[in-house]
Every structure is written in C-alpha cells, then in structure tokens.
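Asks: Below are the structure tokens for one structure; questions will follow.
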Amino acid sequence: KALTSHEIHEALGDTAYSSRIAQDQAAALEGDLKASMPSNRQGMFGPGDFTVSESGDSAVCPAGHESRQKRRYRKERTGPRVIEWSADLCNQCPLSEQCRQPKNKKGRMLRVTADYHDRRARELYAASPEGRAKLKQRIPVEHAIGRAKNRGAGQARYVGRVKTLLQWALVGAATNLMG
C-alpha cells in the first residue's frame, strides 16, 4: 500500500516469488501471494513425492521405504532437518534412478524445512486447474514487460531518477502505441 496507495489482497508471481521469504513478506502485508512453483527435474522424484510426517522427523520414499532413524540437523536444532535413507537400501531399490543422480551411490537425503508442508500445499494449488487458471492471468503482464524491455526499458540510458522515469514513460507510450 505504501507504494501504490491501494489495498492489495492478492498478488501473482513466477517461481522467484515461491520462496519462504517472499511468502513471509506477503503475509506480513496481509496479502496472499500465489506463485508458480519450480518443477522437478524431468523423470526424477521431487520432495512432493515423499510422504513426510507432520513433525518432519521421518518420511516414506516413493518406493515405500521408511527413512532411517539417524537425523542430522544443520546449524541449530530449529533449522532444516535432513532425512536420510541408507546407501544399501537405495542401491538395491528399483526406483533408484528416478530418486538419485546416477553417480550418487550414497543414500537419498531429503531436506525438510519448517515450511515443508505449506510448500507442498502451494505446489498442489499451482498444479490444480484452479491454480493454473489463476496463474495464467500473469501472461499478458509478462508479455507487456517483455515488449517494453525489447523497446529499451531493459537498462537505464541516463543517470538520475527523473531521466530514468522519463525513459520508462517514453518506452511505455511507444509500447502502448505499437501494441
């Protein structure tokens, strides 16, 4: 509201806005930020394919194997947890090639952050028909920004805020006239 003097209840963004930091900032401003979510590497299992307990202490992999009991904590005990599966188990698993890189002969590790379950819910929404329809509303804006950048708005040609704003105004006018 400080920049636009309008109440903003919902914003749409690309994958750059799917981070926990962006979501926290939107929540602090009492807005709802809907963003595209990064996809898994083609043919590979991603975090959403694992069933993680509500506490984040254990998980079951797509092949149905439970994680081993040993857990490592990074930084502090409140930081992200790393859930592990043993190398022996993963080396014998028929789904290993979809779960780990071919060179990796260690067991699978899964990083579980405090917002793990919230992130999975946002992934499901973004992939749902309702979410896809909502996020498609970004396309005209993305195209307009691309056209403006192609017409000179990608880099300021002048020094100073006033001259840069004038450049943007001229590019905007040219973009509107040319369609």
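Asks: Any chance you could count how many residues in the stretch 125-140 are hydrophobic (A, V, I, L, M, F, W, C) and free of Cβ contacts under 8 Å to residues at least 24 places away in the same chain?
Replies: Of the residues in that region, 2 qualify.
Asks: What's the number of the only condition in (1) open to solvent by 70 Å² or more (accessible area, probe 1.4 Å); (2) touching a Leu at 6+ places or on another chain (Cβ under 7 Å); (3) of a type in the set (Ser, Thr, Tyr) that Thr51 fails to meet?
Replies: Unmet for Thr51, out of (1) open to solvent by 70 Å² or more (accessible area, probe 1.4 Å); (2) touching a Leu at 6+ places or on another chain (Cβ under 7 Å); (3) of a type in the set (Ser, Thr, Tyr): (2).
Asks: Quickly run through the stretch 1-21 and pick out the residues that are assigned to a helix (DSSP H, G or I) and touching a strand residue (DSSP E or B) at 6+ places or on another chain (Cβ under 6 Å).
Replies: Once the filter is applied, which keeps residues that are assigned to a helix (DSSP H, G or I) and touching a strand residue (DSSP E or B) at 6+ places or on another chain (Cβ under 6 Å), the stretch 1-21 yields only Tyr17.
Asks: With the condition kept exactly as written, say whether any residue in the stretch 18-25 is more than 30 Å from Gln101 (Cα to Cα), of a type in the set (Asp, Glu), out of contact with any Lys or Arg (no Cβ under 7 Å at 6 or more places or on another chain) and at pLDDT 85 or above.
Replies: Scanning the stretch 18-25 turns up at least one residue that is more than 30 Å from Gln101 (Cα to Cα), of a type in the set (Asp, Glu), out of contact with any Lys or Arg (no Cβ under 7 Å at 6 or more places or on another chain) and at pLDDT 85 or above.
Asks: Which residue pairs have Cβ atoms under 8 Å apart, sit 6 or more places apart or on different chains, and have a first residue in the stretch 106-124 that is in a helix (DSSP H, G or I) and a second that is among the hydrophobic types (A, V, I, L, M, F, W, C)?
Replies: Between residues of the stretch 106-124 that are in a helix (DSSP H, G or I) and residues that are among the hydrophobic types (A, V, I, L, M, F, W, C), the close pairs are Tyr116/Val52; His117/Val52; Arg119/Met37; Arg122/Ala35; Arg122/Met37; Glu123/Met37.
Asks: Name every residue in the stretch 160-176 that is open to solvent by 90 Å² or more (accessible area, probe 1.4 Å) and at pLDDT 85 or above, in order of residue number.
Replies: Residues satisfying the conditions are Arg161, Val162, Lys163, Leu165, Leu166, Trp168, Leu170.
Asks: Condition check: at pLDDT below 90, out of contact with any His (no Cβ under 9 Å at 6 or more places or on another chain) and open to solvent by 100 Å² or more (accessible area, probe 1.4 Å). Does Glu130 satisfy that?
Replies: In short, no.
Asks: Can you tell me how many residues in the stretch 106-145 are over 25 Å from His65 (Cβ atoms) and β-branched (Val, Ile, Thr)?
Replies: Going through the stretch 106-145 one residue at a time, the tally reaches 3.
Asks: Quick one: what pairs do we get from the stretch 15-33, first residue in contact (Cβ under 8 Å) with a residue 40 or more places away in the chain, second assigned to a loop (DSSP other than H, G, I, E, B) and open to solvent by less than 70 Å² (accessible area, probe 1.4 Å), C-beta under 6 Å, 6+ apart or different chains?
Replies: Matching pairs, first to second residue: Ser18/Met37; Arg20/Asp115.
Listed here are the residues, each with its yes/no results for (1) within 26 Å of Lys34 (Cβ to Cβ); (2) in contact with a Pro (Cβ under 9 Å, 6 or more places away or on another chain); (3) surrounded by 12 or more Cβ atoms within 10 Å (Cβ to Cβ).
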{"position": "Met109", "(1), (2), (3)": "no, no, yes"}
{"position": "Ala114", "(1), (2), (3)": "yes, yes, yes"}
{"position": "Arg120", "(1), (2), (3)": "yes, yes, yes"}
{"position": "Asn150", "(1), (2), (3)": "no, no, no"}
{"position": "Tyr158", "(1), (2), (3)": "no, no, no"}
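The values are calculated or read from the model by the stated rules, or taken from the named source; none is laboratory data. Everything numeric in this text was worked out from a predicted model, so none of it was measured. When we count neighbours, we look across all protein chains shown, and the Cβ atoms used for this are built from the backbone with ideal geometry, even at glycine. Side chains included, ligands, DNA and RNA excluded: accessible areas come from the protein's heavy atoms. Shrake-Rupley method; radii C 1.70, N 1.55, O 1.52, S 1.80 Å.
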